[in-house]
Amino acid sequence: MAIIAIANQKGGVGKTTTAINLSAAFARKKKRTLLIDLDPQANSTLTFLPLEEVPHSLYDVLADHQLTLSEVVKPTKTPNLCVGPSKIALAKLEATLVGQFDAPYRLKDALATVRNDFDIIIIDTPPTLGIMTVNALVAATHLLIPIQASYYALEGTDDLLETLERIRQRPNPTLELLGVVITLFDKRTNLARDIRKNVCQVFGDRVFKTVIGKNVRLEESPAYRETIFDYAPDSSGASEYERLAKEVLKRVA
Ligand SMILES: Nc1ncnc2c1ncn2[C@@H]1O[C@H](COP(=O)(O)OP(=O)(O)OP(=O)(O)O)[C@@H](O)[C@H]1O
Ligand SMILES: [Mg+2]
């Protein structure tokens, strides 16, 4: 079973957009999919669930084991897709877990209790390399890095790769770099094409063939609380995330 952490400590590179729409693409392929939202901003969660339907969050599972993961996981209106919800309370987790010997393992332990209920798990992470992202990387089988096609695209990837190596040394030796997806790509500019070349030089065959272009529909869809497949099924964003999902499934098979 694949558990894919989507991480990049750079903000606004398309982590959440990728988490939402890849999860939806997998669910449409009849994969029983769980989207775990580890970002206190809760953008993934709120795309699928109104706040009033989220009485509890992963905080209650990860902080003090008040609830089990299956007690907080919620089905969404997308068949085969469930969400492990975040709330702003998750922002307290870092402080709550300070000094706890098992702090990095909390999510891994929680996911072990629902493994048989899902075929694939996607984890959305916040733009930090803090305890939430570490929990995601310890629990995951694969890391997927979205990189924004901007001038500073590769800034910070050294730190992320160093974190990947540290986690591989001890808590999770089998964690694989699944791939790098270039996002927010503007094919009209030479700059975007140069950046793509640079990213390919660093990451080689790990770069997915599918590139996610800049697409207004992708930007609008969360505001309407819909995935791209419901909001604009004929958009380039929908077909690109559909193609990315196929590439991902081939690599995790
Ligand atoms: N391909 C795209 N085309 C147009 N807009 C996009 C695209 N991908 C993401 N966006 C928009 O860019 C912004 C940042 O995207 P997103 O929230 O997915 O990034 P993030 O990496 O999760 O950010 P954060 O680090 O804050 O969690 C959002 O407003 C989103 O709607
Ligand atoms: Mg996000």
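Scanning region 13-35 finds no residues that are on the phi < 0 side of the Ramachandran plot, of a type outside the set (Lys, Arg) and surrounded by fewer than 19 Cβ atoms within 10 Å (Cβ to Cβ).
From the list SER44, SER86, the lone residue that is part of a loop (DSSP other than H, G, I, E, B), within 16 Å of ligand 1 (Cβ to nearest atom) and among the hydroxyl-bearing types (Ser, Thr, Tyr) is SER86. In region 4-23, of all residues being out of contact with any helix residue (DSSP H, G or I) (no Cβ under 7 Å at 6 or more places or on another chain) and part of a loop (DSSP other than H, G, I, E, B), the one that is farthest from ligand 2 (Cβ to nearest atom) corresponds to LYS10.
Kindly indicate which of ASP60, ASP64 is acidic (Asp, Glu), part of a loop (DSSP other than H, G, I, E, B) and more than 16 Å from ligand 1 (Cβ to nearest atom).
Sole residue among the options that is acidic (Asp, Glu), part of a loop (DSSP other than H, G, I, E, B) and more than 16 Å from ligand 1 (Cβ to nearest atom): ASP64.
Scanning region 110-144 for residues that are farther than 17 Å from GLU165 by Cα, in contact (Cβ under 8 Å) with a residue 12 or more places away in the chain and away from ligand 2 (no atom under 16 Å from the Cβ) yields ALA110, LEU111, THR113, VAL114, ARG115, ASP117, PHE118, ASP119, ILE120, ILE121. One residue stands out in region 169-186 among those that are in contact with a strand residue (DSSP E or B) (Cβ under 9 Å, 6 or more places away or on another chain) and surrounded by fewer than 20 Cβ atoms within 10 Å (Cβ to Cβ): the one that is farthest from ASP109 (Cα to Cα), namely ASP186.
Residue by residue, here is whether (1) closer than 26 Å to PRO233 by Cβ; (2) within 16 Å of the chain's Cα centre (by Cα) holds:
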| residue | (1), (2) |
| --- | --- |
| ASN8 | no, yes |
| ILE20 | yes, yes |
| LEU38 | no, yes |
| PRO50 | yes, no |
| VAL54 | no, no |
| ASP64 | no, no |
| THR68 | no, no |
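Residue count for region 44-72, restricted to those that are under 18 Å from ARG115 (Cα atoms), free of Cβ contacts under 8 Å to residues at least 60 places away in the same chain and among the aliphatic types (A, V, I, L, M): 5.
Checking the structure you have, find out if any residue of region 201-213 is β-branched (Val, Ile, Thr), within 19 Å of THR47 (Cβ to Cβ) and in a helix (DSSP H, G or I).
No, region 201-213 contains no residue that is β-branched (Val, Ile, Thr), within 19 Å of THR47 (Cβ to Cβ) and in a helix (DSSP H, G or I).
Candidates LEU46, LEU81: the one that is at negative phi, more than 14 Å from ligand 2 (Cβ to nearest atom) and either in contact with a His (Cβ under 7 Å, 6 or more places away or on another chain) or not polar (S, T, N, Q) (or both) is LEU81. Before we move on, is THR96 away from ligand 1 (no atom under 16 Å from the Cβ) and either in contact with a helix residue (DSSP H, G or I) (Cβ under 6 Å, 6 or more places away or on another chain) or assigned to a helix (DSSP H, G or I) (or both)? So THR96 fits the description; yes. Taken together, the criteria exclude ALA149 from residues that are out of contact with any Ser or Thr (no Cβ under 6 Å at 6 or more places or on another chain), more than 13 Å from ligand 1 (Cβ to nearest atom) and in contact (Cβ under 8 Å) with a residue 24 or more places away in the chain.
Scanning region 207-250 for residues that are in contact with a Gly (Cβ under 8 Å, 6 or more places away or on another chain), buried (at least 16 other Cβ atoms within 10 Å of the Cβ) and closer than 25 Å to LEU161 by Cα yields VAL207, PHE208, ILE212, GLY213, VAL248. Residues that are closer than 22 Å to ASP158 by Cβ, within 16 Å of ligand 2 (Cβ to nearest atom) and aliphatic (A, V, I, L, M) within region 174-217 comprise VAL181, LEU184, listed in sequence order. Screening region 115-145 for residues that are buried (at least 23 other Cβ atoms within 10 Å of the Cβ) and within 20 Å of GLY204 (Cα to Cα) and picking the one that is farthest from ligand 1 (Cβ to nearest atom) gives LEU143.
Only the coordinates and a few stated rules stand behind these numbers; no lab work does. Note that the coordinates shown come from a computational prediction; the quantities given were computed from them, not determined experimentally. Glycine gets a Cβ as well: all are built from the backbone with ideal geometry, and neighbour counts include every protein chain shown.
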